[in-house]
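K.L.:
I am attaching a structure below and will ask some questions about it afterwards.
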């Protein structure tokens, strides 16, 4: 069993089904061994895509997603994706190649200080120095990625630990040479001793196991205090965030708990779709006003960051309950009246059991919020009907919402168009919406869709792209085609970085660097072997979307290039 096989065996024991990668000589033994053990190797065109895909797998399954990247530039290319996973609290395991242990710091190919580069963006960096440490290091990585606040972990695997011992001994013997000088004899002695240390104990049996990790339940005292506060509240409100779905397998139970509590709820991030498509308790609009009216607010896995105006959206006289795995996030910018430190999803389940149904007391409050939501929906319908030269973006989002199958998974990657979709496209079920999260990263779309389609092969997977964001991952249509993954991408092509341009032009009277072209993205996708569809008029929407669904059903990836008109739907939406 060589080092690569030790790594692959550990991945297999942990239930890993996919390894996302861009090939490199430093990691080849891991890929070959994983393939031999039945894991699917999914090779992409950019290492960042590999980490984004692993991130999506982690979010949808609860099992840490795995990416393997080669040394040097392979590692530097994933920094943004790592930071996105860290801030989104996604349990991702990255296996990074590295230069041979004896040559690090000596100018070897692609040898850099990877630890210093990666360490700020992960929960743990584990550098392996002996073959026998490989399996325990990967085992530890899976445990650390999942425990507490989930997040990414990086395991550095030098290339000379991964190949068969005979090959490495031969390589080092060749490097030592056969000369008789004192310097050459000393070099041979040093390298022979180095190899002995590397392979020490590697002939002994190496048991591979998966370490059990359990989520911490919130303290009983916090649950009782929260239940008492909600029992007295007349206008309670709940905001549920991605962290509440960290235990992906518990999503149905968490959804039932939210329904049982009978508290109007706003859902964000991975929690979108938690209550289904048209749940009466789910509110979508006027969140700031609702927070100012509420007398008790529950934040389930949501910090008081810029999205809640650093806590200022919640009025001071209301009782604030914060359930969060992170003590610092629970107290960020606004100290809660009740802090329930533990898994936010478990908190909701236990709270529902403690409190019991409360819906009847709040029908008036819920009814008032529903009426307000409906008024906004009517206004959006009016805006969707506005005519233009090309396609109204609001109407297109409404059309996507109507056309997508009931098993659809939506991947959001972009600025202005995608933010419009967030208000108008309704996820169908729990864990059916993927967006980058708090980091606001562009370029997640292809990787997220890749991971989603592999996890949910029976589902329609839609990428809702801004034309700016599309440019980051368009080359991955080659990946979709090669791996037979029929995703549907709709590019909202308004020929610009519109989310930036909205405020920049207004404030600075200059559109510098915000202008794009009506690029033929559909032709690029077709060049990779996918189907490309151009939609330039509103009248073409139904046929184009139907054609896209038919292509995907037939097993072919498809990209719809939709030429958009500009609207004032999101004026004044800049965030700081």
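The values are calculated or read from the model by the stated rules, or taken from the named source; none is laboratory data. Since we're looking at a predicted model, the values are computed, not measured. For neighbour counting, all protein chains shown are included, and Cβ atoms are generated from backbone atoms with ideal geometry for every residue, glycine included.
K.L.:
Step by step: first the residues of region 523-538, then only those that are surrounded by fewer than 17 Cβ atoms within 10 Å (Cβ to Cβ) and either at pLDDT below 95 or in contact with a strand residue (DSSP E or B) (Cβ under 8 Å, 6 or more places away or on another chain) (or both), then the one that is nearest to residue 461 (Cα to Cα). Which residue is that?
P.N.:
526
K.L.:
While we're looking at this one, here's another question. Given (1) touching a strand residue (DSSP E or B) at 6+ places or on another chain (Cβ under 7 Å); (2) over 17 Å from residue 138 (Cα atoms); (3) surrounded by fewer than 20 Cβ atoms within 10 Å (Cβ to Cβ), where does residue 36 come up short, assuming only one miss?
P.N.:
Unmet condition: (1).
K.L.:
Still on this structure, I have one more. Taking only pairs six or more apart or across chains, which ones have beta-carbon atoms under 8 Å, a first residue in region 202-214 that is outside the structural domain of residue 11 (by TED's automatic domain parsing) and on the phi < 0 side of the Ramachandran plot, and a second residue that is loosely packed, with under 13 Cβ neighbours inside 10 Å and at pLDDT 85 or above?
P.N.:
210/15
K.L.:
If I filter region 436-455 for residues that are surrounded by fewer than 17 Cβ atoms within 10 Å (Cβ to Cβ) and modelled with pLDDT of 95 or more, do I get at least one hit?
P.N.:
Keep residues of region 436-455 that are surrounded by fewer than 17 Cβ atoms within 10 Å (Cβ to Cβ), which gives 439-440.
After this cut, where a residue has to be modelled with pLDDT of 95 or more as well, the list is none.
No, that holds for no residue.
K.L.:
Counting only residues that are without any contact (Cβ under 8 Å) to a residue 60 or more places away in the chain and crowded, with 24+ Cβ neighbours inside 10 Å, which one in region 52-67 is nearest to residue 143 (Cα to Cα)?
P.N.:
By that ranking, first place goes to 66.
K.L.:
Conditions: (1) closer than 14 Å to residue 490 by Cβ; (2) surrounded by fewer than 22 Cβ atoms within 10 Å (Cβ to Cβ). Residue 406 meets all but one. Number of the miss?
P.N.:
Only one criterion is unmet by residue 406, namely (1).
K.L.:
On the given criteria, is residue 391 crowded, with 20+ Cβ neighbours inside 10 Å and outside the structural domain of residue 438 (by TED's automatic domain parsing)?
P.N.:
no
K.L.:
Give me a count of the residues in region 515-543 that are within 18 Å of residue 388 (Cα to Cα) and either part of a helix (DSSP H, G or I) or touching a residue at least 40 places away in the same chain (Cβ under 8 Å) (or both).
P.N.:
Final tally of qualifying residues: 9.
K.L.:
Which ones in region 356-383 are within 33 Å of the chain's Cα centre (by Cα) and touching a residue at least 40 places away in the same chain (Cβ under 8 Å)?
P.N.:
Of everything in region 356-383, those that are within 33 Å of the chain's Cα centre (by Cα) and touching a residue at least 40 places away in the same chain (Cβ under 8 Å) turn out to be 366, 369, 370, 372, 373, 376, 377, 380, 383.
K.L.:
Here are some conditions: (1) touching a residue at least 60 places away in the same chain (Cβ under 8 Å); (2) within 26 Å of residue 432 (Cα to Cα); (3) buried (at least 24 other Cβ atoms within 10 Å of the Cβ). Residue 6 meets all but one. Which one does it not meet?
P.N.:
(2)
K.L.:
Also: Out of all the residues in region 279-292, which are crowded, with 16+ Cβ neighbours inside 10 Å and either in contact with a strand residue (DSSP E or B) (Cβ under 9 Å, 6 or more places away or on another chain) or without any contact (Cβ under 8 Å) to a residue 40 or more places away in the chain (or both)?
P.N.:
279, 281, 282, 283, 284, 287, 290, 291
K.L.:
Another one. Name the residue that is farthest from residue 447 (Cα to Cα), counting only residues in region 483-505 that are without any contact (Cβ under 8 Å) to a residue 60 or more places away in the chain and in a helix (DSSP H, G or I).
P.N.:
505
K.L.:
Could you count how many residues in region 279-304 are more than 27 Å from residue 378 (Cβ to Cβ) and modelled with pLDDT under 95?
P.N.:
Residues flagged as more than 27 Å from residue 378 (Cβ to Cβ) and modelled with pLDDT under 95 within region 279-304 amount to 0.
K.L.:
Something else: Which is within 22 Å of the chain's Cα centre (by Cα), surrounded by fewer than 24 Cβ atoms within 10 Å (Cβ to Cβ) and not in a loop (DSSP other than H, G, I, E, B), of 257, 227, 251?
P.N.:
When all the criteria are applied, what remains is 251.
K.L.:
In addition: Are any residues in region 79-137 under 28 Å from residue 198 (Cβ atoms), outside any strand (DSSP E or B) and within 14 Å of the chain's Cα centre (by Cα), and if so, which ones?
P.N.:
Of everything in region 79-137, just one residue is under 28 Å from residue 198 (Cβ atoms), outside any strand (DSSP E or B) and within 14 Å of the chain's Cα centre (by Cα), namely 82.
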